[in-house]
1. Of the residues in region 101-123, how many are touching a residue at least 60 places away in the same chain (Cβ under 8 Å) and either over 15 Å from D44 (Cβ atoms) or open to solvent by 10 Å² or more (accessible area, probe 1.4 Å) (or both)?
2. Based on this model, can you work out whether M123 counts as under 14 Å from the mean Cα position of the chain (by Cα), over 18 Å from M67 (Cβ atoms) and at pLDDT 90 or above?
3. For region 132-152, state whether one or more residues are more than 15 Å from G115 (Cβ to Cβ), assigned to a loop (DSSP other than H, G, I, E, B) and at pLDDT below 80.
4. Quickly run through region 128-140 and pick out the residues that are open to solvent by 10 Å² or more (accessible area, probe 1.4 Å) and touching a residue at least 12 places away in the same chain (Cβ under 8 Å).
Amino acid sequence: AYKCLLIDDATLIETKNLQRKVNQAVKHPEPVIRLDAPWDTDKDFFNYIDVLYDPEERTFKMWYSTMRYFGQNKDGPRKLAYATSTDGIHWEKPKLGLVEVNGSKENNYLLPEMGLFYGVTIMDPSDIAARRYKMIFTAEDAWLNVIETNWSRYHVPLCLAYSHDGIRWERPQHVNPIFRGVSDGG
C-alpha cells in the first residue's frame with residue numbers, strides 16, 4: 001500500500017468525499033533527548049534537528065546541531081551530532097570517534113566545530129548505496145575563520161554532501177557549490 005502525508009493538496013490529482021482531519025499534538029511528559037553526554041557543556045543548546053526513520057534498519061536517526069551560548073546576542077559555534085533510536089523516544093548517542101573535542105574523540109560529533117553551519121538531511125533510497133543520505137548545507141566562516149570554508153570548499157555556499165551511512169560525508173567537487181554566497185539563510 002502506498003502511504004503519503006497529506007499536509008497540503010500538492011500530491012492529490014482528484015478528491016471525492018475527502019475530509020481533512022488534523023489530530024491534536026500530544027506533548028511527551030519529558031524531553032526525549034537532552035544534552036547530557038559527558039562531552040556536552042552547560043553552554044550548549046540544540047539548534048537545527050532532522051529526524052528520519054530508516055525502514056531497512058528499523059531505526060530513527062537524528063542529526064542535530066549543538067550551539068554554544070556565550071551570553072551575546074549572536075550565534076555561537078556549532079557542532080553537528082548524531083543519535084539513534086528504535087522507538088523515537090529513547091535516544092542513544094554513539095561514540096563515533098570522528099572529531100576530537102578537548103583531547104578526546106569519544107563523542108557523537110560528525111563534523112568539527114564551525115561558526116555557522118546549517119544542514120538538512122534526507123534519505124534517498126532510489127540512489128546508489130554510497131549516496132543513500134544527502135545533506136544540503138551552507139557554512140559561513142563567521143567564528144573560526146577558515147574551518148567552514150575549508151570543509152565546504154567555498155565561502156558561504158549552498159552545497160551538497162552525500163553519505164552511505166549518514167555519518168561519514170563526501171562533498172563532491174563536480175557539483176559544489178550549488179550556489180555561491182547565499183547569505184545566512186540557506
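The values are calculated or read from the model by the stated rules, or taken from the named source; none is laboratory data. Bear in mind that the values here come from a model prediction, so they are computed numbers and not experimental data. Virtual Cβ from ideal backbone geometry, glycine too; neighbours counted across all protein chains shown. Heavy atoms of the whole protein, side chains included, go into the accessibility calculation; ligands, DNA and RNA do not. Shrake-Rupley method; radii C 1.70, N 1.55, O 1.52, S 1.80 Å.
1. Result for region 101-123: 11.
2. It is true that M123 is under 14 Å from the mean Cα position of the chain (by Cα), over 18 Å from M67 (Cβ atoms) and at pLDDT 90 or above.
3. no
4. Result: A129, A130, R131, R132, K134, I136, E140.
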